[in-house]
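Below is one structure; the comments refer to it alone.
Each reported figure results from applying straightforward, stated rules to the coordinates on display, with no laboratory input. Here the structure is a predicted model, which is why all the values come from computation and not from measurement. All Cβ positions, even for glycine, are placed from backbone atoms using ideal geometry, and neighbour counts span all protein chains on display.
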Amino acid sequence: MDKIYSFYKDRSVIITGGLGFIGSSLAIRLTEVGARVTIVDSLISQYGGNMFNVEPIKDSVKINIMDIRDRHGMNNLVRGQDIMFNLAAQASHIGSMEDPFADLAINVQGQLSVLEACRENNPDIKIIFTSTRQIYGRPQYLPVDEDHPLRPTDVNGINKIAGEQYHILYRNAYGIETVILRLTNTYGPRLLVKHNRQGFLGWFLRLLLEGKEITIFGDGCRLRDLNYVDDVVDALLLSGYKKEAAGQVMNLGNHESISLLEIVKTMIEVNKSGKYNFMPFPDGIKKIDIGDSYADFSKAKNILGWEPKTSFKDGLLKTMEYYRKYGKDYYWH
Ligand SMILES: NC(=O)c1ccc[n+]([C@@H]2O[C@H](COP(=O)([O-])OP(=O)(O)OC[C@H]3O[C@@H](n4cnc5c(N)ncnc54)[C@H](O)[C@@H]3O)[C@@H](O)[C@H]2O)c1
């Protein structure tokens, strides 16, 4: 990665959603390699943004507590930036069903606001947009590649498709370089653990660390591929660096798929204690459940030279160590 790190040295980079889980992990790495980092984040309370996420770099980055829907603000912030990592999102699937208008406003209107700001003020910027494998819906075949039909089971999936499409359109119509990464379940330090509405991994981790029993919905056989956050940061950095990435839509994923039950058992093994039980899917979650899902990430491997390096056990060890140390800054914030 040395060549990539020297590419980012002294480069001006803006991260929307930069106080969230993945955005802050990216901001920390970019700051370490000498990039000039600007963060935009609205810190909407139920989402994953947390000032503590950027504690190690808080004096080295510019932090703007601002909504991406603030067009005037975005106009100013995009000027002079070389690369944008566009991560700001309403990221809860169940949340998108309960408040579809908030999801629409952030994941669609918000994305237009970002793109318009770039078109008007900085069309030479390169944008990396984080989409989700949730847009495929219930897979018709596995592993899911980028040609798989898009049939989302929730409002968030529809709006993330719209977000992707706007990025593609602004490239075709205005020549703004855009890259789309479709992420799978990501975990690691700084993952939201204050509630169970933004993925099961953070919530399971918290229950375990608090000595509480984990409840698995269904029979635990659902397959997933998980990425450790450092591997996702690698993919983001490669997407910003590689010229060949422009205009591409690429899945991230992992070499191995793992069942929910295996995930929980591994967590308990790494934690050296823990219990679990099973419960039928609650109605709201069953409606949007996508069944088994894991991705074919060979396109990202070919174009970016990316593949995940962190084993689930190693990633879990690092994640648990982090929350043992700093859990109090996450459980209620
Ligand atoms: N974590 C995963 O497993 C996963 C999986 C697939 C896709 N993604 C995508 O990756 C991106 C980052 O996800 P994350 O897990 O870090 O989520 P997160 O909730 O931790 O981070 C999102 C950040 O965006 C900010 N934000 C939300 N609305 C905003 C707005 N209107 N203006 C400015 N900031 C706003 C939030 O405050 C938060 O800090 C998202 O685009 C998400 O859809 C994540």
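When the alpha carbon coordinates of segment 53-193 are projected onto the principal axes, the ranges are 44, 39, 28 Å, largest first. Taking the convex hull of the alpha carbon positions in the chain and averaging its projected area over all directions gives 15.1 nm². When the Cα positions of ASN53, ILE94, GLY73 are compared along the charge dipole of the chain, ASN53 comes out farthest toward the positive end, with charges on each C-beta of Lys, Arg, Asp and Glu. Going from the fewest other Cβ atoms within 10 Å to the most, the residues LYS9, LYS3 appear in the order LYS3, LYS9. Applying the Karplus relation 6.51 cos²θ - 1.76 cosθ + 1.60 with θ = phi - 60° to segment 35-50 yields 3J(HN,Hα) values of 6, 9, 9, 10, 10, 10, 7, 8, 6, 4, 4, 7, 8, x, x, 7 Hz, where x marks Gly and Pro. What the Cα convex hull of segment 230-287 gives, in volume per residue, is 148 Å³. From the largest down, segment 170-293 spans 52, 31, 27 angstrom on the principal axes of its Cα atoms. The GluC sites (Glu not before Pro) found in segment 205-268 that occupy coil by DSSP, while having at most 13 further C-beta atoms within 10 Å, are GLU210, GLU213, GLU256. For the chain, the membrane-span-like helix rule (DSSP H, alpha carbon extent of at least 27 Å along the helix axis, mean Kyte-Doolittle at least -1.0) picks out 155-174; this says nothing about an actual membrane. Within the chain, the longest run free of chymotrypsin sites (Phe, Trp or Tyr not before Pro) that sit in a DSSP loop with at most 15 other Cβ atoms within 10 Å is 142-330.
Overall shape of segment 21-90 was characterised from the C-alpha gyration tensor. The equivalent ellipsoid obtained from it has semi-axes of 18, 16, 10 Å, in decreasing order. Where both bridge residues fall in the chain, DSSP classifies roughly 5% of the beta bridges as antiparallel.
Put a dot 7 Å past the Cα of ALA105, heading toward its Cβ, do the same for ASN121, and the two dots end up 2.1 nm apart.
Using the alpha-carbon centroid of each, what span in Å lies between segment 50-120 and segment 198-232? Distance between centres, Cα-based: 26 Å. Sorted into 5 angstrom bins from 0, the C-alpha pair distances of segment 1-135 split as 2, 11, 21, 23, 20, 14, 7, 2, 0 percent.
This model, with +1 at the C-beta of Lys and Arg and -1 at the C-beta of Asp and Glu, gives segment 202-313 a dipole about its Cα centre of some 140 debye. Residue exposure proxy: MET97, MET74, MET84, ordered by other Cβ atoms within 10 angstrom of their Cβ from fewest to most, comes out as MET97, MET74, MET84. When +1 charges are put on Lys and Arg Cβ atoms and -1 charges on Asp and Glu Cβ atoms, the dipole computed for the chain relative to its Cα centre reaches about 420 debye. Listed by Cβ neighbour count within 10 Å, with the fewest neighbours leading, CYS221, CYS118 appear as CYS221, CYS118.
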